[in-house]
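For reference, the structure is listed below as C-alpha cells.
The values are calculated or read from the model by the stated rules, or taken from the named source; none is laboratory data. What you are looking at is a predicted structure, and each value in this text was computed from that prediction instead of being measured. Positions of Cβ are backbone-derived with ideal geometry, glycine not excepted, and every protein chain shown enters the neighbour counts. All accessible areas refer to the heavy atoms of the entire protein, side chains included, with ligands and DNA or RNA removed. Shrake-Rupley method; radii C 1.70, N 1.55, O 1.52, S 1.80 Å.
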Amino acid sequence: MKVALQFIAMGLVWGASFLFMKVGLEGVSFGQVVWARLVFGAVTLAVIAIITRSRLPREPIVWLHFLVVAITYCVIPYLLFAWAEQYVSSSLASIYNAVTPITTAILVTAAFRVERLNRDQVLGVLIGVLGVVIVVGPWQIAALSGSVWGQLACLGAVTCYGFSFGYIRRFISHRAMPATTIAVMNIGVAAAIMVVLTPVIAWGPITFSWPVLLSLLALGALGTGVVYIWNMNVLRAWGPTATSGVTYVTPVVGVALGILVLGETLSWNEPVGAVVVLAGILLTQQRVRLFTRRQAELVDEPA
C-alpha cells in the first residue's frame, strides 16, 4: 500500500512539473530552469540525507554508474523538456512523457536484457509507436518548425528515461543502498554537473516574480527532490517497466493543469494519439492480455 501511494503521489507531482516548467520559463531561460530544478532538488535531498543519516557509497564504480544516470536521467532529458516547452504546450509535453513505458520496454529488453517481452508486449510497443505518430501528426507538418523540433526533443527526453530505467535496474537497484542515498547520488551528481556548466547553460538575465520563483522551488524541492526517493522505492519494488507506468497519471494531471491554469488547447490528434499510446502501455505492462492469457489457458486445460 505504501508503495502504491508513493506511485500515485509521484504521478501527481511529476504531472504538475510540466506546468511548473512552463511558468518558470516566463522569467528564466530553459537552462536556468534545469539549473534551479537540480540545485533545489539536491539541497532538499541533502537535508533529508543528513536527517536520516544516509551514507554515500565509497566504491568508485558506483560513482561512475551514477554519473551515467545523472546525465541520462536528469541533465539531458530535463534540458530537452525545458527547451521543448518554449515551443510546445505543457499539455503536449506531458502527453509525450507518457511514451516513457514504451521506450523503457524497448531499451530494458534490447539494450540491457533485464526483462523479456512476450507477444502482447511487442504488440503494445507497436501500438505505442503508432500513438506517437498520431500525436506528432505528420500530415500537418509543412516544415521543420519550432513545434516539430520541440516534439522531437520530447521524444529524445523519454528515450533517455527509458535508457536510464534499464541502466538503474541493471547496475544500481540491486545494490544495498537506501532509496535516499540513490536519490541523493542521482540528483546531487546531476546538480554538480549543472553548476559546472553554469557559464555555458545557465548564465543570462533573470526576471523573477512570485509565480516563477514558487514554480522553480516546487519543481526542484518536490518534483526533483522528495519524489525521487519515492521513485527509487517503487522501482525496487515493481521493476522498471511497471515504475515507468507512472506516466498513466502524469499526462492526465499535466493536460488538466495546462488547460485549467494556462488556458492551453489541444488538437484532435493529440488526445487521440494519447489514448492509443495508453492502449499500447496497457499491453506492454500486461494490464491487458491477448496472446499470453490464451496460451496459459491452453496449458492449464486437461489433455
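Odds and ends about this structure:
- Taking Cβ atoms as reference points and 15 Å as the exclusive limit, the residues near G258 contribute a net charge of -3, counting Lys and Arg as +1 and Asp and Glu as -1.
- For the range 63-71, Karplus couplings with θ = phi - 60° (6.51, -1.76, 1.60), whole Hz, Gly/Pro x: 5, 5, 4, 5, 5, 4, 5, 4, 6
- Residues with amide H under 5 Å from that of E264, placed H, sequence gap 5 or more: I259
- Net charge of neighbours whose Cβ lies under 15 Å from the Cβ of M21, counting Lys and Arg as +1 and Asp and Glu as -1: -1
- Cα Rg, Dmax, the chain, angstrom units: 19.3, 75
- Of the trypsin sites (Lys or Arg not before Pro) found in the range 1-90, the ones in coil according to DSSP and having at most 16 other Cβ atoms within 10 Å of their Cβ are R53, R55, R58.
- Heavy-atom accessible area ranking, 1.4 Å probe, most first, across I134, I281: I134, I281
- Counting only protein heavy atoms and using a 1.4 Å probe, the accessible area of T52 comes to about 80 Å².
- Residue-by-residue Karplus 3J(HN,Hα) for the range 197-205, coefficients 6.51, -1.76, 1.60, Hz, glycine and proline x: 8, 3, x, 8, 9, 10, 9, x, x
- Here the range 1-104 was treated as a single set of alpha-carbon atoms; its pair distances binned every 5 Å from 0 give 2, 10, 15, 20, 22, 16, 10, 4, 1 percent.
- Charge context of A176, other residues only, Cβ under 12 angstrom, K/R +1, D/E -1: +2
- Net lengthening on full extension, I259/L290 (0.36 nm per residue, minus Cα-Cα): 7.6 nm
- At 1.306 mPa s and 10 °C, Stokes D of the range 137-228 from Kirkwood alpha-carbon radius, µm² per second: 96
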